[in-house]
Amino acid sequence: MRALVTGGAGFIGSHLCDALTARGHEVFVLDNLSTGRFQNIEHLDNVTSIIDSTLNKEIVRDLVRDVDVVYHLAATVGVQLVVDAPIQTIQNNIQGTEILLEETCRYRRKLLLTSTSEVYGKSMQAVFREDDDCIIGPPHRHRWCYAASKAIDEFLALSYWHEKRHPVVVARLFNTVGPRQTGRYGMVIPNLTRQALQGEPLTVFGDGQQSRCFSYVGDVVPALITLMEDDAVNGEVYNIGSDHPVTIEALAKLIIERTGSSSDIRFIPYEEAYGYGYEDMRHRAPSLEKIHAAIGYAPQTSLEEILDSVIAELRKNEF
Ligand code: UDP
């Protein structure tokens, strides 16, 4: 099997490349290295890397023609990057997916689109189900351009299925974490872990009572592969994540405990952290009923185990 992974040098993409090559697949990576790192995949033999953008239609067409399946992960992600560069976010996320869908449809290659729990927006439901409404904030708050751009990607992918029976599946990822995730663009676990290891105060934004469910990349990646291999899921959207919420303050305390750090916690107002244009969602937890019924998915790795893997990696790399 030959697979194209867009965004394959990124955090989740590189773990996907590990898993695909371990299964004997030949992998092609298309990544512009804007947030990905070549070091994430340089240890892999059965991978051909093309350093280019998903906006380069000719390259995408050539690659799609030569593979059997396409995992589309390339996107502008990370709250900091999104609020700093909303134009780039919207263009990359929408045009890149348009091109990938057009070309995979041309050659009838199944496409898995990675989307995000952000599309649920600021809905206040206790858990989000795939057919729930998406409640996105106003356009002058730039954070929402990420959710809106990924929602358009989903609309487009599902329209290709509806109108052309082009095989697609959408995976909505909920706060995937683990080794190789960078804290540069705002992600909380690598950020707070680095701060704890360096003896700096842990920066908790807002009152710290907002909650998230963190899922281990090593649990998420096999689910992506199963969704690709199973044609019964075509045309569907699936949540993937963990259903154990933790507040960000409790997370910070756990990181301090597991690193043995003497750091304390510093609460920072959102405006100070991200500037104007930021708006956080209070709670975010997935219903995993649909994906469990479809492919038997259930998260396996505890938050403590996840943190230990991230701490071990950051210690090894000396940041
Ligand atoms: N956050 C924080 N300190 C940081 C980075 C993030 O308190 O240094 C908070 C952020 O405001 C959000 C949560 O942690 O409430 C998760 O942030 P992240 O960017 O990792 O993911 P999000 O769920 O916002 O996409």
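Read the figures in this text as sums done on the coordinates, not as results from a lab. Values in this document were obtained by computation on a predicted structure and should not be read as measured data. All Cβ positions, glycine included, derive from the backbone under ideal geometry; neighbour counts span all protein chains shown.
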Whole number please: convex hull volume per residue of the Cα set in the range 256-319, in Å³? 174 Å³
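Going by average Cβ neighbours within 10 Å, how do the peptides 234-244, 201-211 rank, with the highest at the top?
Working: 234-244: 20.8, 201-211: 17.5.
The packing order, highest mean first, is 234-244, 201-211.
Give the Kirkwood hydrodynamic radius (Å, one decimal) of the range 176-286, defined as one over the mean of 1/r across all pairs of different Cα atoms. It would help to have the intermediate numbers written out before the result.
Values: mean 1/r = 0.0640 Å⁻¹.
One over the average 1/r among Cα pairs gives 15.6 Å for the range 176-286.
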Mean Kyte-Doolittle hydropathy of 0.5 or higher plus an axial Cα length of 15 Å or more: which whole DSSP H helices in the chain meet both? 11-22, 217-229, 248-259
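Can you tell me the alpha carbon radius of gyration of the range 44-166 divided by the globular rule-of-thumb value 2.2 N^0.38 Å?
On the way: Rg = 15.6 Å, N = 123, 2.2 N^0.38 = 13.7 Å.
Compared with the compact-globule rule of thumb, the range 44-166 sits at 1.14.
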Any idea what diffusion coefficient the chain gets from Stokes-Einstein, in µm²/s, Kirkwood Rh on alpha carbon pairs, 25 °C, 0.890 mPa s? 124 µm²/s
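Relative to the compact-globule scaling 2.2 N^0.38 Å, provide the ratio for the alpha-carbon radius of gyration of the range 128-176. Before the final figure, lay out each step's value.
Values: Rg = 12.6 Å, N = 49, 2.2 N^0.38 = 9.7 Å.
Rounded to two decimals, the normalised Rg is 1.30.
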